[in-house]
Each structure stands twice: as C-alpha cells, then as structure tokens.
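Report on the structure given below.
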Amino acid sequence: MSELADIDRELIDSLSNSLAAIPGTRLDEISFEPEMSGRQRPDVIFQLKIGDREVSIVAETRGDVFPRDAREVVWQLKQYQLDLASSNQHIVPMIIARSVSEGARSFLRDEHVAYYDLSGSLYIGVGDTFVLIDKPKSKRIRRKDVNIFKGTRAQVLQALIARQSEWVTGTEIAEDAGVSPATVSQTLKDLERRDWLQVKGEGPAKRRRLIQPDDLLDAWRDSILVEPANRQSRYYVPRMKPEDMVHKIQSEHDHNDYDLEFTGQFAAQSYAPFLSNVSNLAVRVTDKRSREWLLSVLGAREVSEGANLTVIDAKSKQLSRGVSDDDERLLASPLQVYLDLLEDHGRSKEMAEHLRSQKLVWQ
C-alpha cells in the first residue's frame with residue numbers, strides 16, 4: 001500500500017459502498033497488496049460479481065492525481081492487467097485517490113481505466129455496465145489543497161504568462177516574479193503535473209515553456225469564482241469622474257514614489273472598450289503609505305454605497321504594470337485586470353471575458 005497511509009480508510013469503505021450500489025453487483029472480497037506472479041504488487045484488489053460476470057478491480061492508491069501522475073500509474077496498472085490475463089475473471093484497472101483532476105479524469109476515461117476519489121466521483125466500465133459520477137472537489141479537499149493561484153505562486157503564473165512563448169529557466173522566472181527560487185520550483189512542478197508546461201534539459205540548464213495558457217487561465221478563473229471575493233474598500237470622491245481621478249493621480253504621482261496601478265472596469269475599458277460609461281475607478285496599492293497618499297490626493301471618504309473609487313490591496317509588493325497607448329497611464333497588465341474583474345460585481349464579469357477575448361489570446 002504505497003500511499004494508502006496518506007488516504008483515509010473511509011475512502012476504501014466509501015468505494016466499497018459505491019461498488020456494492022451498482023445494480024446487480026455483489027462485493028465479495030477486498031485484498032490488500034495481494035500476491036502476484038510478478039515482483040510488483042497492486043495496492044488493493046476488489047473481487048466482485050456483476051450479473052454473471054466475475055470481476056477483479058486491480059487498483060493503485062494515490063494522493064492527488066494530475067495527468068502526468070495518471071500516465072505513470074496507468075502503465076503500471078496495465079502491466080498488472082497483463083499478469084492477470086490468464087485468469088477467468090474480467091480485470092478492471094483502477095486509480096483510487098484523494099483527488100483526481102479534470103485533466104486526469106479525461107485521460108483515464110480515454111485509457112479505459114477506472115477511478116474513484118474523495119469527492120465521490122466514480123468512473124468504471126465492465127461489459128454492458130457503465131458508471132460515470134462526476135463531482136467537483138469536496139470542500140474538505142479544497143481546504144487541504146495548496147492554491148497555486150494565490151500569493152507568491154500567482155506571481156509565478158503571471159511571469160510565465162508574460163513570457164508564454166519563451167523557454168525560460170526557474171531563475172529567470174524568480175527574477176521576473178520577485179519571489180524565491182523555492183516558490184518557483186514548487187509551482188513549476190505543479191504545472192508540469194497538470195501538463196501545462198513543456199520541459200527540456202536537466203539541472204541548472206532545465207528550461208520550461210508554457211503550452212496551455214488557456215487551460216491555466218480557465219482553471220484560474222474557476223478558482224476565483226468558487227472562492228469568496230477578497231474584501232475591497234469603497235470610497236466616494238466628490239465631483240470627480242474616473243477620468244478626473246486618473247488625471248489628478250497622474251499629475252501628482254509624477255513627483256512621488258507611490259506604488260499603485262489602475263485596474264477594474266476603467267483599465268479594461270482602456271484596453272478593450274466594452275461599456276458606454278464607467279462610473280468607478282479601481283486602484284491596486286501595495287502598501288498602507290500608498291493607500292493613504294491616494295485617499296489624501298483625491299479627498300476620498302469611505303462609504304457603504306454610492307462609491308466611485310475602489311481600493312484593492314495588492315497581495316504582492318510587485319505590481320503587474322501593463323502597456324497602453326498612453327504611456328503615462330499607470331495601468332495594471334491585462335491579465336491582472338482580467339483577474340480583478342472576476343471578483344467585481346455588475347457587468348464586470350462580462351467585461352472580463354471581453355477583455356480576455358481581445359487581449360489574452362495566444363497562438
């Protein structure tokens with residue numbers, strides 16, 4: 001049981017109940033690390049009867065399974081299948097895991113390999129019997145997951161997307177993202193497991209290239225939409241429209257070293273016009289000093305409704321800083337604007353998808 005110690009015993013019990021619930025099915029026996037002719041032993045074999053057919057589910061247990069993990073385990077499972085081919089039973093290879101990613105589930109179905117995870121998701125095909133239960137990760141699993149879309153790991157993703165077509169080293173990404181090499185290394189490993197990176201070379205010469213930016217961005221979007229929105233502070237600036245506030249900030253900012261950038265609907269409208277009118281300015285700030293300077297310059301006061309200024313506390317000390325036709329504008333990058341819009345209300349999510357279709361498109 002190579003990784004069974006990392007998985008709750010309830011997973012095996014839950015799978016047993018799910019198998020027994022298949023119509024016309026009787027679960028007879030469960031064997032852990034059973035003897036086989038080869039040197040390797042599967043983690044567990046379920047003996048069951050479906051109708052008149054005797055079935056052996058030969059399974060390997062894992063923690064979290066992504067596409068690369070699935071490919072490695074499938075090779076092993078199919079070897080077991082060959083070793084047991086002389087038996088009179090129908091052999092079904094299976095992965096039992098803490099979680100199986102969407103990409104891994106798709107791969108396993110293509111390979112006709114069964115799977116089950118703690119969400120209750122189950123895929124199995126035996127003759128005329130076919131079961132597919134597809135569920136999202138449970139809250140319990142999501143709480144244990146390390147979210148690669150937050151904190152310093154998100155900075156790594158931003159740096160990779162900015163250099164999407166390039167072969168880059170971990171050192172280069174660490175410098176671009178302003179994070180530690182250890183954070184970069186762990187994040188890149190996670191991305192490799194998801195099949196979002198190409199890799200060449202070894203050691204210090206190892207280089208990677210992002211090959212699935214749309215898949216990464218889809219997953220990032222989904223991660224944001226299922227989480228509670230980050231708290232944003234809302235203010236009212238008297239007698240000023242967003243354009244007036246921007247002009248005021250830019251004219252004062254020229255002589256001061258404050259870290260802030262424009263995002264949200266105003267920035268999205270600058271990159272890819274979508275609405276006829278934008279009534280709110282969203283500003284990302286990196287520290288308390290920049291926030292206080294911004295509020296003082298604009299004469300803003302905090303309100304519970306009727307706000308025309310939103311201040312977002314950047315999670316990093318490094319701003320994304322984008323490019324626009326007007327070089328004086330302190331715009332966040334299109335990617336950062338897209339992510340901030342997903343956490344906003346009103347028509348911001350529509351604007352986010354429009355911005356993505358115009359500015360976040362790769363060959």
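Rule-based calculations on the coordinates, nothing more; no lab input. As the structure is a computational prediction, the values presented were derived from the model and not from experiment. Positions of Cβ are backbone-derived with ideal geometry, glycine not excepted, and every protein chain shown enters the neighbour counts.
Here are the numbers for this structure:
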item: Spacing of the two label points (7 Å from each Cα toward its C-beta) at Glu166 and Thr129, in nm; result: 5.6 nm
item: Cα-based helix-to-principal-axis angle, 288-298 vs the chain, degrees rounded to 10; result: 40 degrees
item: DSSP beta bridges in the chain [antiparallel fraction, %, rounded to 5]; result: 65 percent
item: Gaussian network model of the chain, Cα within-10 Å springs - most flexible of Leu48, Leu191, Leu157; result: Leu48
item: Computed label-point distance, nm, for sites Gln89 and Ala21 using a 7 Å Cα→Cβ extension; result: 2.3 nm
item: For the chain, built as a Gaussian network whose Cα springs stay under 10 Å, the top-fluctuating residue of Ala114, Ala307, Ala85; result: Ala85
item: Packing-based exposure ordering (other Cβ within 10 Å, fewest first) of Met240, Met245; result: Met240, Met245
item: Flagged links, alpha-carbon separation over 28 Å, of Lys150/Lys288; Lys78/Lys206; Lys150/Lys248; Lys241/Lys288; Lys288/Lys359; result: Lys78/Lys206; Lys150/Lys248; Lys288/Lys359
item: Estimated 222 nm signal from helices in the chain, with DSSP H stretches of n ≥ 4 weighted -39500 (n - 2.57), rounded to 500; result: -12000 deg cm²/dmol
item: Gln47 paired with Val226, simple spin-label distance in nm, labels 7 Å along Cα-to-beta-carbon; result: 3.8 nm
item: The range 4-139, relative contact order in percent, only Cα pairs under 8 angstrom and at least six apart counted; result: 17 percent
item: Only Lys, Arg (+1) and Asp, Glu (-1) charged, at Cβ; the chain dipole about Cα centre in debye; result: 380 debye
item: Candidates Gln212, Gln186, Gln164: whichever shows maximal mean-square fluctuation once the chain is modelled as a Gaussian network with Cα springs under 10 Å; result: Gln186
